[in-house]
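Reviewing the structure listed below.
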Amino acid sequence: MPDPLDQTMPRLNDHPNWVYLLREFETLYRHGSAGGSKAIRAHRKKVRETLTAVIDRNPELIPRAPAAKPVTTHLDHALDLAERDSLRGLARALSRVSQDLTWEFGYETMPKTLERKYAYCEVLGPQGPIRAERLILGFVLFAPSTTYPQHSHKEIEESYISVAGAWSENDGAVYAPGSLILNRPEHEHRITTGERDPCLLAYAWVGAEDRLAAPGMKLSYRRRPRIPPG
Ligand SMILES: [Fe+2]
């Protein structure tokens with residue numbers, strides 16, 4: 001655990017590319033539309049106010065070892081796709097730190113097939129790299145033709161903003177770059193991605209400090225009972 005009084009710890013302002021990425025996040029949550037939804041407007045406000053306070057505080061940067069996962073071989077393609085759409089500012093800022101990202105799975109147990117198709121990286125939160133207690137910002141990357149099983153987040157409000165690729169949640173709609181989806185705490189959701197392209201989503205988690213420090217990621221899908229042969 002880094003000592004917050006340690007003056008030798010690197011801080012956010014020592015790393016302009018991380019500041020660049022956070023400012024792009026801030027712009028996204030400031031200028032996008034809430035589509036007339038009070039709940040989404042309140043969520044956007046919460047994210048950007050918390051984020052602005054974090055940037056102003058110039059927090060310490062927790063050193064994290066960069067890590068790749070099989071799905072990150074799709075990242076360049078996803079960033080190229082994002083260049084064509086409204087989220088290119090965020091995609092470009094992400095590309096500037098892409099060598100420093102720590103991609104992970106998060107789940108203790110998950111289907112074997114998902115290991116090749118999914119990973120996420122945090123850019124801000126209790127685990128760093130940019131230290132914050134009441135907000136997590138990150139990206140989740142899916143390979144084409146992925147089904148991300150049903151899950152929910154206890155006491156955490158989550159928004160996804162689509163950066164590249166097409167995807168669907170709970171078979172309800174197809175979301176294109178620029179779309180924002182709000183998942184209230186405990187809302188069960190399942191994601192599928194299009195056949196051709198990888199899918200990159202930015203996400204924000206808002207919740208109590210202790211919950212964000214230990215979100216307890218768990219898939220809620222049940223394995224189908226095996227039917228005995230014969
Ligand atoms: Fe989720």
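Data for the structure
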{"read-out": "Test: residue in the stretch 133-148 that is buried (at least 16 other Cβ atoms within 10 Å of the Cβ), of a type outside the set (Phe, Trp, Tyr), within 14 Å of the ligand (Cβ to nearest atom) and over 29 Å from Gly36 (Cα atoms)", "value": "yes"}
{"read-out": "Residue satisfying condition, being surrounded by 16 or more Cβ atoms within 10 Å (Cβ to Cβ) and closer than 18 Å to Leu22 by Cβ, within set Leu94, Leu75, Leu81", "value": "Leu94"}
{"read-out": "The stretch 69-112, residues that are in contact with a helix residue (DSSP H, G or I) (Cβ under 9 Å, 6 or more places away or on another chain) and assigned to a loop (DSSP other than H, G, I, E, B)", "value": "Lys69, Glu83, Asp85, Leu87, Val97, Leu101, Phe105, Tyr107"}
{"read-out": "Leading residue by the ranking (nearest to the ligand (Cβ to nearest atom)) among those in the stretch 149-174 that are on the phi < 0 side of the Ramachandran plot, in contact (Cβ under 8 Å) with a residue 40 or more places away in the chain and not in a strand (DSSP E or B)", "value": "His153"}
{"read-out": "Residue within the stretch 1-14 that is modelled with pLDDT of 95 or more and among the hydroxyl-bearing types (Ser, Thr, Tyr) present", "value": "no"}
{"read-out": "Test: residue in the stretch 178-186 that is more than 14 Å from the ligand (Cβ to nearest atom), within 15 Å of Leu90 (Cβ to Cβ) and either hydrophobic (A, V, I, L, M, F, W, C) or not in a strand (DSSP E or B) (or both)", "value": "yes"}
{"read-out": "Among the candidates Ile181, Ile227, residue that is of a type in the set (A, V, I, L, M, F, W, C) and at pLDDT 95 or above", "value": "Ile181"}
{"read-out": "Selection within the stretch 159-178 - in contact with a strand residue (DSSP E or B) (Cβ under 8 Å, 6 or more places away or on another chain) and surrounded by fewer than 20 Cβ atoms within 10 Å (Cβ to Cβ)", "value": "Ala166, Ser168, Glu169, Asn170, Asp171, Val174, Ala176, Gly178"}
{"read-out": "Condition check for Arg64: at pLDDT below 95 and of a type outside the set (S, T, N, Q)", "value": "yes"}
{"read-out": "The stretch 187-203: number of residues that are more than 11 Å from the ligand (Cβ to nearest atom) and either farther than 19 Å from Ala166 by Cβ or surrounded by fewer than 21 Cβ atoms within 10 Å (Cβ to Cβ) (or both)", "value": "5"}
{"read-out": "Residue list for the stretch 36-60, restricted to those being more than 22 Å from Pro126 (Cβ to Cβ) and touching a residue at least 60 places away in the same chain (Cβ under 8 Å)", "value": "Ser37, Ala39, Ile40"}
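The values are calculated or read from the model by the stated rules, or taken from the named source; none is laboratory data. On a predicted model such as this, the values are computed, not experimentally measured, just so you know. Neighbour counts run over all protein chains shown; Cβ positions are idealised from the backbone, glycine included.
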